Amino acid sequence: MTESDVSLAELVSRYRSDPLGYARVAFPWGEPGTALEFHKGPCPCQVKILSVLGREIRKRKFDGHTPVKPIRIAVGTGHGVGKSACIGMIDNFIRSTRPRCKGMVLANTGDQLSTKTWAAIRTWNKLSLTAHWFEDTTERVSMIGERDSWFSTAVIWSIDRPEAIAGLH
């Protein structure tokens, strides 16, 4: 790990319990020539979700090792309001602030997974300050050199195939 990566790891570790703070520093909001050039930060819906998530992480004292009750957030909105983008920010937040985490991103259909949710995860990974830490493929984003121990993976979920999510908690 380079000296700049050690500094970056120290920076992102400050946001272990603050996904909104992480999102505000980890992505190039307002930077000319980027996809976020005309955005000052997460949209109001994303701010609300990231704030609730942070509050729940702190309430459960989630340390990344000790199991806690799941955090469940339901969002009812229309199309194009930034739900998939928010999932991309959250996935990057977790992977970047919790060494050796293993996560699954689920969707009911392959189309939903590949064209919406996973596409957003890959996009936000590429935009992140920590993008160079991760290898990005069509089915997995993993820490370089730690493919099997630090990753997010795409999984099509079906009630008929509960084994698809067995083993990760």
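In segment 33-52, is there at least one residue being open to solvent by 40 Å² or more (accessible area, probe 1.4 Å), polar (S, T, N, Q) and not in a loop (DSSP other than H, G, I, E, B)?
Yes.
Any idea which of K102, K126 is within 17 Å of G41 (Cα to Cα) and open to solvent by 60 Å² or more (accessible area, probe 1.4 Å)? So that I can check it myself, show each step before the final result.
Numbers: K102 fails: within 17 Å of G41 (Cα to Cα).
Going through K102, K126 in turn, just one is within 17 Å of G41 (Cα to Cα) and open to solvent by 60 Å² or more (accessible area, probe 1.4 Å): K126.
One residue is enough: does segment 28-39 have a residue meeting the conditions touching a Lys or Arg at 6+ places or on another chain (Cβ under 9 Å) and within 13 Å of I90 (Cβ to Cβ)?
no
For segment 84-109, which residues satisfy the criterion of being under 19 Å from L20 (Cα atoms) and in contact (Cβ under 8 Å) with a residue 60 or more places away in the chain?
Answer for segment 84-109, where residues must be under 19 Å from L20 (Cα atoms) and in contact (Cβ under 8 Å) with a residue 60 or more places away in the chain: M89, I90, D91, N92, F93, S96, T97, R98.
Looking only at segment 82-99, count how many residues are more than 10 Å from the chain's Cα centre (by Cα) and open to solvent by 60 Å² or more (accessible area, probe 1.4 Å).
Number of matching residues: 2.
With (1) surrounded by 17 or more Cβ atoms within 10 Å (Cβ to Cβ); (2) of a type outside the set (A, V, I, L, M, F, W, C); (3) more than 20 Å from W150 (Cβ to Cβ); (4) modelled with pLDDT under 95 as the list, and D111 as the residue in question, which single condition is left unmet?
Here D111 meets the rest and fails (1).
Cβ-Cβ below 9 Å, separation at least six or inter-chain, first residue in segment 68-80 and part of a loop (DSSP other than H, G, I, E, B), second at pLDDT 75 or above and exposed (fewer than 10 other Cβ atoms within 10 Å of the Cβ): which pairs?
Between residues of segment 68-80 that are part of a loop (DSSP other than H, G, I, E, B) and residues that are at pLDDT 75 or above and exposed (fewer than 10 other Cβ atoms within 10 Å of the Cβ), the close pairs are V68/K61.
The values are calculated or read from the model by the stated rules, or taken from the named source; none is laboratory data. Bear in mind that the values here come from a model prediction, so they are computed numbers and not experimental data. Cβ atoms come from the backbone with ideal geometry, glycine included; neighbour counts cover every protein chain shown. Surface areas here come from the heavy atoms of the whole protein model, side chains and all, with no ligands, DNA or RNA. Shrake-Rupley method; radii C 1.70, N 1.55, O 1.52, S 1.80 Å.
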